[in-house]
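Structure record follows, encoded as structure tokens.
The values are calculated or read from the model by the stated rules, or taken from the named source; none is laboratory data. Values in this document were obtained by computation on a predicted structure and should not be read as measured data. Reconstructed Cβ throughout: ideal geometry from the backbone, glycine too, with neighbour counts over all protein chains shown.
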Amino acid sequence: MDAIDVVGTRRVPWNKGKLTGQKPPLKLREIWAIRIRLQLAAKTRELAMFNLAIDSKLRACDLTKLRVSDICLGSRVAPRATVMQQKTQRPVQFEITELTRASAEAWIKAAALSSGDYLFPSRIHGSPHLSTRQYARLVHRRIGSIGLDDKAYGTHTMRRTKASLIYRRTKNLRAVQLLLGHTKLESTVRYLGIEVDDALEMAEQTDV
């Protein structure tokens, strides 16, 4: 019997040759640069996805599996939503800003989606919703479109962006921890890229 060529069939790791590690968040001017480009190009789906990714701070696996009913009350997008996280099996609540609600409603109407439909259905036959790999490609494309090195960014950039903006404005670690749905404060500290000692000191001050 011929030997099986195990090496020949081994899958190449997804991150081979790629820059990995903590992905930086987008700055406010970069967020608006991407939004404007999507608006001018009439990319209704991508604009809704981009805005919702920033507002929700969800991981890619949770964002891509959202259903219309997760963010809507009747025919309108709600100002707040609660989603069960796949990784932690814990619910996380997030605010949906007026701008995001408008773009999401425009997409739902344009795609003629109903309550039980996936919010971002896949355009590939046999796949019910956008995959995390497809979503990652869209993120890299958007970031590259404004002249940034897309290799330095990723889907976690979208998750970290609003959390970083909120932290800079409030310095409230506990609030950001809740918004991200982290069970440990250390996870939030790593996401924000701040010194651990400084973070714990500030967290103790907010508990007073």
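For the stretch 138-149, indicate whether the set of residues that are touching a His at 6+ places or on another chain (Cβ under 7 Å) and under 21 Å from Lys43 (Cα atoms) is non-empty. No, the conditions are met nowhere in the stretch 138-149. For Leu73, state whether it is more than 30 Å from Ala112 (Cβ to Cβ) and modelled with pLDDT of 90 or more. The answer is no for Leu73.
Restricted to the stretch 53-76, and to residues there that are among the hydroxyl-bearing types (Ser, Thr, Tyr) and assigned to a loop (DSSP other than H, G, I, E, B), the residue that is surrounded by the fewest Cβ atoms within 10 Å (Cβ to Cβ) is Ser75. The lone criterion from (1) within 20 Å of Thr155 (Cα to Cα); (2) touching a residue at least 60 places away in the same chain (Cβ under 8 Å); (3) touching a Phe, Trp or Tyr at 6+ places or on another chain (Cβ under 9 Å) left unmet by Val92 is number (3).
For Arg76, the criteria (1) without any contact (Cβ under 8 Å) to a residue 60 or more places away in the chain; (2) touching a strand residue (DSSP E or B) at 6+ places or on another chain (Cβ under 8 Å) hold in every case but one, which is (2). For the stretch 1-13, the criterion of being exposed (fewer than 13 other Cβ atoms within 10 Å of the Cβ), acidic (Asp, Glu) and either part of a helix (DSSP H, G or I) or at pLDDT below 95 (or both) is met by at least one residue. Look through the stretch 140-163, keep the residues that are under 16 Å from the mean Cα position of the chain (by Cα) and without any contact (Cβ under 8 Å) to a residue 40 or more places away in the chain, and return whichever of them is farthest from Ser187 (Cα to Cα). Selected residue: Arg141. Looking across the stretch 82-94, the residues that are surrounded by 15 or more Cβ atoms within 10 Å (Cβ to Cβ) and in contact with an Asp or Glu (Cβ under 8 Å, 6 or more places away or on another chain) come down to Val83, Gln85, Phe94.
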